[in-house]
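Worksheet: one structure, shown below.
The values are calculated or read from the model by the stated rules, or taken from the named source; none is laboratory data. Computed from a prediction, not measured in an experiment: that's the story for all the values here. Every residue, glycine as well, gets a Cβ built from its backbone with ideal geometry; the counts of neighbours run over all protein chains shown. Keep in mind that these areas ignore ligands, DNA and RNA; they rest on the heavy atoms of the full protein, side chains included. Shrake-Rupley method; radii C 1.70, N 1.55, O 1.52, S 1.80 Å.
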Amino acid sequence: MDLDAYTAAHKHEWNRLTELGSRRRLSGAESDELIERYQAGATQLSAIQTTAGSTVQGDRLSIGLSRARLRFTGTSANLVSMLPTFFALQLPAALYRLRWLTLSVAVATFVIAGLYAVWALSDPQVLANLGTDKQLAQIANEDFVGYYSDNPAASFTGLVWTNNAFIAAQCIAFGIVGVYVPFVIAQNAQSLGLTAAVMFSQDKGDVFFLYIAPHGQLELTAIFVAAAAGLRIFWAWIAPGARTRGQALAEDARALFTVAIGLVLVLLVSGIIEGFVTAQPWPWPVKIGIGTLALAAFLTYMIVVGGRATRLGETGDLGEFEAGTTRIYAA
């Protein structure tokens, strides 16, 4: 082998390998190129070592290969050290991608709920199917309010948290089937609308809103986000664009798994508000104000922080590898 000629022929490839291995951030296409350069460089290094033994050219190529290998294999990372990146970039970026779909789900839910409420209030037979006058009065005067105070606050918080988190997880997990998320949206809207109809029929409409508002603002928004995530996965399968269906599902599912993790925490906050705030004998402006502040904080995180993270190139994809302070995006 003429080592000088061989080096001259592949120098551009080796320089490109070194360049990609030294970058702090890589796009999906650059990640693919890095892996291809690494594989070719490993073959070339083997050829050099077999024919020429230890050489300066081989040592330089070996260093470039070592740096590249660290980029796509990573180093052992402390989970705690990854949390700031997750909460400052990955999670808000994943939420930001769902902002308009979340709004659409919210509008659909409230429209359907409103239609159910109007239908039940305008047709006495519908209310009669829900219960007798005595039963409806029992619901409006005692059961609705008692639901929030019958159990100890801590256990009630845990109950509503796990129930809502399970619903959110189902929306994301079964979103690909297409029909599950619309079913959940319609079911929740129906329950909300008919409950409102019962309360208004007993002149307890104010009680309905006062007890829903403290925790419901954040809780419902979290469910809307989960439904949007499920629909996003379904749409990735239906219309993958330039990607294959497998690629589209893999990429969107990784990003939306990030959303699932975040929603567990969001629903914990709404559960705490529901368990420890809603039933308290505090002034209603204070209780509703707490819920409004919680919702405002979440929307700021989703839209403002998420928008900034997206502009920085973050996708919310958990397929990104961490290697110290560097990052590589999986294709």
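What FRET efficiency, computed as 1/(1 + (r/R0)^6) with R0 = 35 Å and r the Cβ-Cβ distance, is obtained for VAL179 and LEU83, rounded to the nearest 0.05?
0.45
Using only Cα atoms, tell me the angle between helix 28-52 and the longest principal axis of the chain; keep it within 0 to 90° and round to the nearest 10.
30
Roughly speaking, to the nearest percent, how much of the chain's 1.4 Å accessible area is carbon and sulfur?
Of all accessible area on the chain, carbon and sulfur atoms account for 65 percent.
Can you give me the angle between helix 3-22 and the longest principal axis of the chain, using Cα atoms only, in degrees from 0 to 90, rounded to the nearest 10?
Roughly 20 degrees, rounded to the nearest 10.
By accessible area of protein heavy atoms, probe 1.4 Å, what ranking do LYS11, LYS204 get, highest first?
LYS11, LYS204
State, as an integer percentage, the relative contact order of the chain based on alpha-carbon contacts under 8 Å between residues 6 or more apart.
Computed over the chain, the figure is 32 percent.
Mind running the shape call on region 205-308? Use the C-alpha gyration tensor, a ≥ b ≥ c as the square roots of the eigenvalues: rounded below 1.5 for a/c, prolate if a/b tops b/c, oblate otherwise.
Details: a/c = 3.20, a/b = 2.68, b/c = 1.19.
It comes out prolate by the Cα gyration axes.
For region 2-123, what is the accessible area per residue in Å², given a 1.4 Å probe and the full set of protein chains?
Here the per-residue accessible area is 57 Å².
What distance in nm separates the simple spin-label points at LEU210 and GLN170, each placed 7 Å from Cα in the Cβ direction?
Distance between label points: 3.2 nm.
Please report the Cα spread of the chain along all three principal axes, rounded to whole Å, starting with the longest.
Sorted largest first, the three principal extents are 98, 39, 28 Å.
How high is the relative contact order of region 79-211, given as a whole-number percent (alpha carbon pairs under 8 Å, six or more residues apart)?
Across region 79-211, relative contact order equals 42 percent.
Jot down the radius of gyration and Dmax of region 1-102, Cα atoms only, both in angstrom.
18.7, 63
How large is the helix-only mean residue ellipticity at 222 nm for the chain, computed as the sum of -39500 (n - 2.57) over DSSP H runs with n ≥ 4, divided by its residue count, in deg cm²/dmol to the nearest 500?
Helices in the chain give a 222 nm mean residue ellipticity of -25000 deg cm²/dmol.
Could you rank the peptides 170-178, 48-56, 254-262 by their average count of other C-beta atoms within 10 Å per residue, with the highest value first?
Packing order, densest peptide first, comes out as 254-262, 170-178, 48-56.
How much accessible area per residue does region 135-268 have, in Å², with a 1.4 Å probe?
In whole numbers, region 135-268 has 45 Å² accessible per residue.
Mind checking Rg over Rh on region 117-172, alpha carbons, Kirkwood formula for Rh?
My calculation puts Rg/Rh at 1.14.
Can you give the Kirkwood hydrodynamic radius of region 137-207 from its Cα pairs, in Å with one decimal?
14.2
Which whole-Hz ³J(HN,Hα) couplings does region 149-154 yield from phi under the Karplus relation 6.51 cos²θ - 1.76 cosθ + 1.60, θ = phi - 60°, glycine and proline marked x?
For region 149-154, the Karplus curve yields 10, 5, 10, x, 4, 5 Hz.
Given 10 °C and 1.306 mPa s, compute D for region 1-47 with the Stokes-Einstein relation, Rh being the Kirkwood radius over Cα pairs; round to the nearest whole µm²/s.
140
If I model region 123-269 as equal point scatterers sitting on the Cα atoms and use the Debye formula, what is log10 I(q)/I(0) at q = 0.09 Å⁻¹?
For the requested q values the scattering log ratios are -0.38.
Along its principal axes, what span do the Cα atoms of region 57-214 show, with the longest given first and each in whole Å?
90, 36, 23
For region 190-233, rounded, prolate or oblate, judged on the Cα gyration tensor with a ≥ b ≥ c (square roots of eigenvalues), a/c < 1.5 rounded, else prolate if a/b > b/c?
oblate
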